[in-house]
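To start, the structure itself, in structure tokens.
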Amino acid sequence: QVQLVESGGGLVQPGGSLTLSCAASGIFFSSYNMAWHRQAPGKEREVVATITNTGITNYSRSVKGRFTISRDHAENTVSLQMNSLKPEDTAAYYCSAHHTGRDYWGQGTQVTVSS
């Protein structure tokens, strides 16, 4: 059974930092490209950051320079380090795994940026 379990969300003040983690099980993690997405209330889900199975990263324009995606093949985890957080970063954040037409999603973790 494939599971992607996100953790690390919460309430943070503007300008603060937060690290999200996603633990994957039931897949051959090293073969999968991983990604973080977010969805704010009333908005469509958007890709925030991606990392290939070989470690190549890509970021959306709105988070580039502030967020860092990384993966740990030994722990089967993918992380999202978020710095200089803004109120517009408030959203539910989702982890996903992709490989040859197979797509898996986590349940999400809420990030709220507010003073």
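Points worth noting:
- Split the accessible area of the range 1-84 by element, probe 1.4 Å, and carbon with sulfur accounts for 47%.
- Along the chain, longest interval not containing exposed GluC sites (Glu not before Pro), exposed being DSSP loop plus at most 14 other Cβ atoms within 10 Å: 1-43
- Inter-part distance where the range 91-106 and the range 20-65 are each reduced to a Cα centre, Å: 7
- Here the chain is treated with +1 on each Lys and Arg Cβ and -1 on each Asp and Glu Cβ, and its dipole about the Cα centre works out to around 240 debye.
- VAL47 contributes an accessible area of around 70 Å² to the protein surface, as traced by a 1.4 Å probe with all chains present.
- Highest-first packing order for the peptide set 98-104, 50-56 is 50-56, 98-104, based on the mean count of other beta carbon atoms within 10 Å.
- Length-normalised contact order for the chain - Cα pairs under 8 Å, 6+ apart - percent: 36
The values are calculated or read from the model by the stated rules, or taken from the named source; none is laboratory data. Given the structure is predicted, the values throughout are model-derived calculations rather than measurements. As a convention, Cβ positions derive from the backbone with ideal geometry for all residues, glycine included, and neighbour counts pool all protein chains shown. Protein only, heavy atoms only, side chains kept; ligands, DNA and RNA dropped before computing areas. Shrake-Rupley method; radii C 1.70, N 1.55, O 1.52, S 1.80 Å.
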